[in-house]
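Here is the structure we will look at.
What follows draws every value from the coordinates through simple rules; no lab data is involved. Model, not experiment: these values are computed from the prediction. Note that we place each Cβ from the backbone using ideal geometry, even for glycine, and neighbour counts take in every protein chain shown.
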Ligand code: G
Ligand code: G
Ligand code: MN
Ligand code: NA
């Protein structure tokens with residue numbers, strides 16, 4: 001199919017690129033990290049969304065090659081940033097299948113002399129549902145290295161709560177659907193958000209709110225005790241060439 005072809009061609013022709021979206025500490029308004037987000041342009045110059053090509057790459061197995069490239073590229077790029085800025089990388093369940101992921105990450109950190117504490121890995125609960133046991137040991141090994149684990153899209157899907165007490169995560173990323181509902185009249189998302197933030201902190205996790213798009217939402221968030229905020233309002237995912245202003249001082 002077209003998307004599968006584009007994934008294979010994309011690998012062969014270097015058509016993948018990483019964009020980076022700032023993660024901001026709300027009180028200081030400083031950028032403390034960036035999430036790496038993968039982009040693919042097909043042979044006609046049309047960009048294909050990761051929501052389209054990631055599931056295809058997962059199915060055809062190419063996600064492992066792509067995932068390795070993403071990790072390598074993210075660490076290579078972040079190695080040039082100021083030392084207090086971390087990089088966060090999304091992982092797919094299939095990247096844990098071969099059992100060689102941890103070793104490859106150790107190699108990358110060494111090659112780029114990159115502090116493990118500056119690397120964060122974002123994982124969705126579907127990963128835990130699909131692979132539970134073999135994944136648990138690998139997650140533990142990554143944490144021992146000092147890498148942070150973030151549960152992505154928290155609050156969507158089912159039983160994410162069940163995973164919070166079972167696994168050790170360092171961070172919760174609250175799904176943007178809660179944020180987009182925040183300013184709707186009569187909506188209870190405010191109470192839900194407050195409670196998720198408290199829950200995260202009780203479990204010694206940092207909490208990120210995703211998908212802040214408007215000034216109104218940004219204001220509403222100033223009253224929440226989130227550790228990081230992320231969204232189009234503060235910065236879209238950008239190519240490396242546009243990051244310079246975010247790397248110096250405040251936004
Ligand atoms: O950047 P965008 O909002 O279009 O991303 C859509 C989805 O693709 C998100 O769920 C995001 O987590 C996922 N995604 C983006 N980059 C990567 C990547 O490098 N690896 C994996 N596994 N998923 C990614
Ligand atoms: O699933 P994950 O949280 O990794 O998805 C990240 C995706 O969310 C990225 O593809 C990014 O483009 C998108 N995103 C980031 N900020 C916003 C925002 O403010 N609004 C919307 N609609 N999407 C966002
Ligand atoms: Mn993510
Ligand atoms: Na998310």
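Assorted remarks:
- The C-alpha atoms of the chain define a longest principal axis, and helix 2-12 lies at about 70 degrees to it.
- Remark: the stretch 1-61 is approximated by an ellipsoid whose semi-axes, taken from the C-alpha gyration tensor as √(5λ), come to 30, 12, 9 Å, largest first.
- Residue of 224, 121, 23 that the Gaussian network model of the chain assigns the largest fluctuation, springs spanning Cα pairs under 10 Å: 224
- Area projected by the alpha carbon convex hull of the stretch 68-220, averaged over all directions, nm²: 9.8 nm²
- Rule-of-thumb Rg ratio for the stretch 141-251 [Cα; 2.2 N^0.38 Å; N residues]: 1.15
- With neighbour counts taken as other beta-carbon atoms within 10 Å, the residues 87, 7, 240 rank, fewest first, as 240, 87, 7.
- 37 °C / 0.692 mPa s Stokes-Einstein diffusion coefficient of the stretch 54-143, Kirkwood radius on C-alpha pairs, µm²/s: 241 µm²/s
- Percentage relative contact order, the stretch 146-251, counting C-alpha pairs under 8 Å, at least six apart: 22 percent
- Stokes-Einstein diffusion for the stretch 27-97 at 10 °C, viscosity 1.306 mPa s, with a Kirkwood radius from C-alpha pairs, works out to 115 µm²/s.
- Nearest-ten-degree value, helix 125-144 long axis tilted from longest Cα axis of the chain: 90 degrees
- Spatial separation of Cα centroids for the stretch 48-69 and the stretch 134-173, in angstrom: 21 Å
- Exposure proxy ranking, count of Cβ atoms within 10 Å, fewest first, for 84, 228, 19: 84, 19, 228
- Taking the chain and dividing mean pair separation by its residue count, relative contact order in percent (alpha carbons under 8 Å, at least six apart): 21 percent
- Among 109, 119, 149, the residue with the largest mean-square fluctuation in a Gaussian network model of the chain, with springs joining Cα atoms closer than 10 Å, is 109.
- Between helix 50-60 and the chain there is an angle of about 40 degrees, using the helix long axis and the longest principal axis of the Cα atoms.
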